[in-house]
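The values are calculated or read from the model by the stated rules, or taken from the named source; none is laboratory data. The structure displayed is predicted, hence computed values, not measured ones. Glycine also receives a Cβ, built like all others from the backbone with ideal geometry; neighbour counts cover every protein chain displayed. What goes into the accessible areas is simple: the full protein's heavy atoms, side chains included, and nothing from ligands, DNA or RNA. Shrake-Rupley method; radii C 1.70, N 1.55, O 1.52, S 1.80 Å.
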Amino acid sequence: MAKAKIGILTGGGDCAGLNPAIKWAVKTAMDRRLETERGVQYEVLGIKNGWSGLMFEAGSDLNLDDYIMPLDEQKVRTWDRYGGTMLGTSRTNPYNPKNNQSRLVMDNIQKLGLDALIAIGGDDTLGVACKLAQDGVKVVGIPKTIDKDMVETDYTLGFETALNVITEEVDRLRTTAGSHRRIFVVETMGRHSGWLALEGGESCGAYIILIPECDFSIERVGELLLEGRKAGNLYEIVLVAEGAKPAGGEEFIRQEGVDGFGHKMLGGVGEFLAREIYKSTGMETRSVVLSHLQRGGAPCAFDRRMGRYFGIAAVDLIVNGDFGRMVAYRNGEITSCPMARVIGRTSYVDIQKHYDVERYNGRRAIFRNK
Ligand code: F6P
């Protein structure tokens, strides 16, 4: 029987759902029954720490175990229960213009004897995969990011688990907020898109939700909060995406510098807002940054299921020779699209459709009046 080797890696920020995708890609590739049907026997190599796992240099001190991990059904059997990624991840960009190492990556793919590669990542990781595909590497992609800001797919792994974290943490804050009759500003992730804050806020019932797609007025936020108190609220929860900003202002930066893909490190809008709210309303206000808690923890049922489907679909693409494509979830179905159609584009919240710009919250009408 013909033999082939598949490499699999996870890149960019981790999230829940990566391990289920790895597990199901391995199980599908190495499935004995499918082997007979396909006439190919697949082997799967885990590549450690994102693209950096393919950037090893030959030399006497090279220990390949630092870069790769052979996988099989027994090894990955329990992985779908765990958050993060058992393969490790990094924000390494082999096409970094300051030090382009894409040649090294392609040479190492050959040295490892990889016939195909599965890259699990967001726009950055799949951007690298897409360039490699253009350079002739047989690669397919699986979308992940708690920001859910990728186009051509209605779901990216990690999103639902992150929503659950937001909901649980806000539930916890509610008791202390109520006891002290305080306002809590809760900062979520979400660099460019407000999906996480919006759907997180809808899930936990936040009083105000602020997203990057709609610059907010501090006066309006104060007005809404005073209105809420007058109407009998004990406390209020304000959810704000890290990328949200006041009208006429700039994004808030947590740390100077950029990562390997040129992204600024955002953060601080929650703290700013809490101070401004106190100034304008006189009501006690505290802020909490949920930060990487949203990426942690065991995958929820939906991420386990989607990880499974995406992992299986990625192997199907390879078996069918459909390279350069990303698996996707569209209108309730698993499908795929060319990676090139996804890269460099962002899925934004359509504020006409999904956001109430007066109340700074989710929409109050599902079926609009004609
Ligand atoms: O992957 C996207 C994201 O979740 C962003 O919302 C956030 O800005 C970023 O990750 C932070 O990642 P890190 O601190 O791991 O670089």
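Quick notes on this structure:
- Of the residues making up segment 254-283, those that are on the phi < 0 side of the Ramachandran plot and within 11 Å of the ligand (Cβ to nearest atom) number 10.
- Here the condition is being touching a residue at least 24 places away in the same chain (Cβ under 8 Å) and within 30 Å of residue 52 (Cβ to Cβ); of 234, 239, 266, it holds for 266 alone.
- Condition broken by residue 209, with the remaining ones in (1) part of a strand (DSSP E or B); (2) open to solvent by 10 Å² or more (accessible area, probe 1.4 Å) satisfied: (2)
- Residue list for segment 1-20, filter: more than 16 Å from the ligand (Cβ to nearest atom) and of a type in the set (Gly, Ala, Ser): 2, 4, 7
- Taking segment 114-197 as the region of interest, the strands (runs of 3 or more DSSP E) fully inside it that hold 3 or more residues being away from the ligand (no atom under 16 Å from the Cβ) and open to solvent by less than 10 Å² (accessible area, probe 1.4 Å) are 116-121.
- When 223, 242, 251 are screened for being acidic (Asp, Glu), more than 14 Å from the ligand (Cβ to nearest atom) and either closer than 15 Å to residue 359 by Cβ or open to solvent by 10 Å² or more (accessible area, probe 1.4 Å) (or both), only 223 passes.
- Residue in segment 316-330 that is assigned to a strand (DSSP E or B) and among the polar types (S, T, N, Q) present: no
- Residue count for segment 290-305, restricted to those that are under 9 Å from residue 15 (Cβ atoms) and either within 14 Å of the ligand (Cβ to nearest atom) or surrounded by fewer than 16 Cβ atoms within 10 Å (Cβ to Cβ) (or both): 3
- Residues in segment 70-89 that are open to solvent by 30 Å² or more (accessible area, probe 1.4 Å) and farther than 16 Å from residue 157 by Cβ: 7 in all.
- Screening residue 79 with (1) within 25 Å of the chain's Cα centre (by Cα); (2) more than 16 Å from the ligand (Cβ to nearest atom); (3) closer than 21 Å to residue 137 by Cβ gives one miss only, at (3).
- Just one of the listed residues (312, 343, 366, 334) is of a type in the set (A, V, I, L, M, F, W, C), within 28 Å of residue 85 (Cβ to Cβ), assigned to a loop (DSSP other than H, G, I, E, B) and open to solvent by 40 Å² or more (accessible area, probe 1.4 Å), and it is 343.
- Members of segment 35-80 found to be hydroxyl-bearing (Ser, Thr, Tyr) and either farther than 24 Å from residue 92 by Cβ or touching a Pro at 6+ places or on another chain (Cβ under 9 Å) (or both), listed by number: 36, 42, 52, 78
- Within segment 337-350, residues that are not assigned by TED's automatic domain parsing to the domain that holds residue 140 sit with their Cβ atoms under 9 Å from residues that are open to solvent by 70 Å² or more (accessible area, probe 1.4 Å) and part of a loop (DSSP other than H, G, I, E, B), at 6+ positions apart or across chains, in these pairs: 346/192; 348/192.
- Residues (open to solvent by less than 10 Å² (accessible area, probe 1.4 Å) and within 16 Å of the ligand (Cβ to nearest atom)) located in segment 22-61: 50, 51
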